[in-house]
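**Student:** I'd like to ask you about the structure that follows.
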């Protein structure tokens, strides 16, 4: 079964400044949430996917280390931010994370215990709600700076909310992610096992409702994520919004691209979509 994009983990050092930028891009950015181990996030929610802006809070000392059979989400984010800001992790959807963890182990792409956590959330009216997740991690040795996991929602009715999914730019969903690699064919077997899809000869890995694109890097470092795309219905309107806001971008037909240096280490693309 081919998986779909659940969310992207975008690591930033200043959560409020990043939230301000995403607001100027025309997104509705949620309130600050705190994980039990010390990372903090703000979310941009779409119909079936979301962007997680994440940073390490003052309680980051509570982050547990990686260990045998244990992947530490907090440690990965913390260590990523020591090197750079940007798109740190690709998260695909799951209906049974425990089964997926076992499947990843059999496929040889990650022998990690499933990770369950819960936290308080906020509804659009400010009232408190309860959300919980189980994560199953995978790892590709050729991409040490790219995180991969699947996410099972235990209370999706408390998480997904149409009021959070209304954006001034009309954003519909995350529809594309770019992974750069010095040898683009090297991660093919891993990506096939992780996504449930067969990589194409052109480097595209088709996902449910989106795509992962693997392109050749101009550096010799390990593979890492460099860009993502969001579908919006009105490219001309979004281009005008960016221009009025003084946000640098390039346009090629029905696609807009904000360079990584202007967007906390990740190129943000907008493409026409309904």
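The values are calculated or read from the model by the stated rules, or taken from the named source; none is laboratory data. Keep in mind it's a predicted model, so treat the numbers as computed, not measured. No Cβ is skipped: glycine too gets one built from the backbone with ideal geometry, and neighbour counts run over all protein chains shown.
**Student:** Applying the selection to the stretch 225-274, what residues are in a loop (DSSP other than H, G, I, E, B), under 24 Å from residue 13 (Cα atoms) and free of Cβ contacts under 8 Å to residues at least 24 places away in the same chain?
**Tutor:** 246, 248, 249, 259
Okay, residues lined up against (1) out of contact with any strand residue (DSSP E or B) (no Cβ under 9 Å at 6 or more places or on another chain); (2) outside the structural domain of residue 264 (by the TED database); (3) under 17 Å from residue 228 (Cα atoms); (4) not in a strand (DSSP E or B):
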residue	(1), (2), (3), (4)
41	no, yes, no, no
48	no, yes, yes, yes
51	no, yes, yes, no
64	no, yes, no, yes
76	no, yes, no, yes
79	yes, yes, no, yes
82	yes, yes, no, yes
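**Student:** Criterion first (in contact with a strand residue (DSSP E or B) (Cβ under 8 Å, 6 or more places away or on another chain), more than 24 Å from residue 81 (Cα to Cα) and surrounded by fewer than 14 Cβ atoms within 10 Å (Cβ to Cβ)) does residue 130 satisfy it?
**Tutor:** Yes, satisfied.
**Student:** Sticking with this structure for a sec: Under 7 Å between Cβ atoms, which residue pairs at least 6 apart in sequence (or on different chains) link something in the stretch 98-121 that is outside the structural domain of residue 132 (by the TED database) and at negative phi with a partner that is modelled with pLDDT of 95 or more and assigned to a strand (DSSP E or B)?
**Tutor:** From the stretch 98-121, no pairs qualify.
**Student:** Still on this structure, please answer the following. Restrict the check to the stretch 154-170 and report whether at least one residue is more than 20 Å from residue 52 (Cα to Cα) and surrounded by fewer than 15 Cβ atoms within 10 Å (Cβ to Cβ).
**Tutor:** No - not one qualifying residue is present in the stretch 154-170.
**Student:** Within the stretch 227-246, count every residue that is buried (at least 18 other Cβ atoms within 10 Å of the Cβ) and either assigned by the TED database to the domain that holds residue 90 or touching a helix residue (DSSP H, G or I) at 6+ places or on another chain (Cβ under 9 Å) (or both).
**Tutor:** 4
**Student:** Quick check, is residue 222 under 26 Å from residue 12 (Cβ atoms), at pLDDT 95 or above and either part of a loop (DSSP other than H, G, I, E, B) or assigned by the TED database to the domain that holds residue 52 (or both)?
**Tutor:** Judged against the criteria, residue 222 is not a match.
**Student:** Can you name the residue in the stretch 186-197 that is in contact with a strand residue (DSSP E or B) (Cβ under 8 Å, 6 or more places away or on another chain) and part of a loop (DSSP other than H, G, I, E, B) and, of all such residues, is surrounded by the fewest Cβ atoms within 10 Å (Cβ to Cβ)?
**Tutor:** So, considering only residues that are in contact with a strand residue (DSSP E or B) (Cβ under 8 Å, 6 or more places away or on another chain) and part of a loop (DSSP other than H, G, I, E, B), the one surrounded by the fewest Cβ atoms within 10 Å (Cβ to Cβ) is 197.
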